[in-house]
1. Of everything in the stretch 70-93, what is modelled with pLDDT of 95 or more and of a type in the set (Phe, Trp, Tyr)? Give them in sequence order.
2. Which ones in the stretch 74-105 are in contact (Cβ under 8 Å) with a residue 12 or more places away in the chain, surrounded by fewer than 17 Cβ atoms within 10 Å (Cβ to Cβ) and over 23 Å from residue 24 (Cα atoms)?
3. Identify all residues within the stretch 21-45 that are surrounded by 14 or more Cβ atoms within 10 Å (Cβ to Cβ), closer than 12 Å to residue 99 by Cβ and polar (S, T, N, Q); write none if there are none.
4. Taking the stretch 52-73 as the search range and keeping residues that are outside any loop (DSSP other than H, G, I, E, B) and in contact with a Phe, Trp or Tyr (Cβ under 7 Å, 6 or more places away or on another chain), which one is least open to solvent (accessible area, probe 1.4 Å)?
5. Hey, can you tell me all the residues within the stretch 1-17 that are hydrophobic (A, V, I, L, M, F, W, C) and closer than 16 Å to residue 89 by Cα?
6. Looking only at the stretch 10-65, how many residues end up being of a type outside the set (Asp, Glu) and at positive phi?
7. Taking the condition of being of a type in the set (Val, Ile, Thr) and touching a helix residue (DSSP H, G or I) at 6+ places or on another chain (Cβ under 9 Å), how many residues in the stretch 2-20 meet it?
8. Return the residues of the stretch 74-99 that are within 11 Å of the chain's Cα centre (by Cα), part of a loop (DSSP other than H, G, I, E, B) and not charged (D, E, K, R); say none if nothing qualifies.
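The values are calculated or read from the model by the stated rules, or taken from the named source; none is laboratory data. Everything numeric in this text was worked out from a predicted model, so none of it was measured. Positions of Cβ are generated from backbone atoms using ideal geometry, with glycine treated the same way; all protein chains shown enter the neighbour counts. The area values use the complete protein model at the heavy-atom level, side chains included, leaving out ligands, DNA and RNA. Shrake-Rupley method; radii C 1.70, N 1.55, O 1.52, S 1.80 Å.
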Amino acid sequence: MEQWMTVGRVTDLPPGTARTVETGDLAIALFNVEGNIYALDNTCPHAGGPLGEGTLIEDQVECPWHGWRYNVRTGERPENPDFKVPCFRVQVKDGAIQVCLPGPDTKGSESG
């Protein structure tokens, strides 16, 4: 069963920025691309780097450890789509950013 969790406020995430939030045992990277909020698992599949601390360039985040890039809308690595970071659905209600957390039998979901 999915669960929506408030993880921050839109005012705390200006356009062009990223941040990391933790909820339960999940670390989630949030990104604001031109007013649209996206959420990925915070862990880079290459070497475990913190994506929420990476550089956001348009709709791609560059991992701060080794420079691997991922599309924040889809989680895919442009250079090799076989590498993908789990995405989480996001909604904004009354200025609050809410992320749809996976149920106990899932790990992440498609962005939407």
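1. Listed by number, the residues that qualify are 70, 88.
2. Within the stretch 74-105, 78, 83 qualify.
3. Within the stretch 21-45, 42 is the sole residue that qualifies.
4. Restricting to residues being outside any loop (DSSP other than H, G, I, E, B) and in contact with a Phe, Trp or Tyr (Cβ under 7 Å, 6 or more places away or on another chain), the top hit is 61.
5. Taking the stretch 1-17 and keeping what is hydrophobic (A, V, I, L, M, F, W, C), we get 1, 4-5, 7, 10, 13.
Within the stretch 1-17, 1, 4, 5, 7, 10 meet the criteria.
6. The number of residues fulfilling the criteria is 4.
7. Of the residues in that region, 1 qualify.
8. 74, 75, 85, 86
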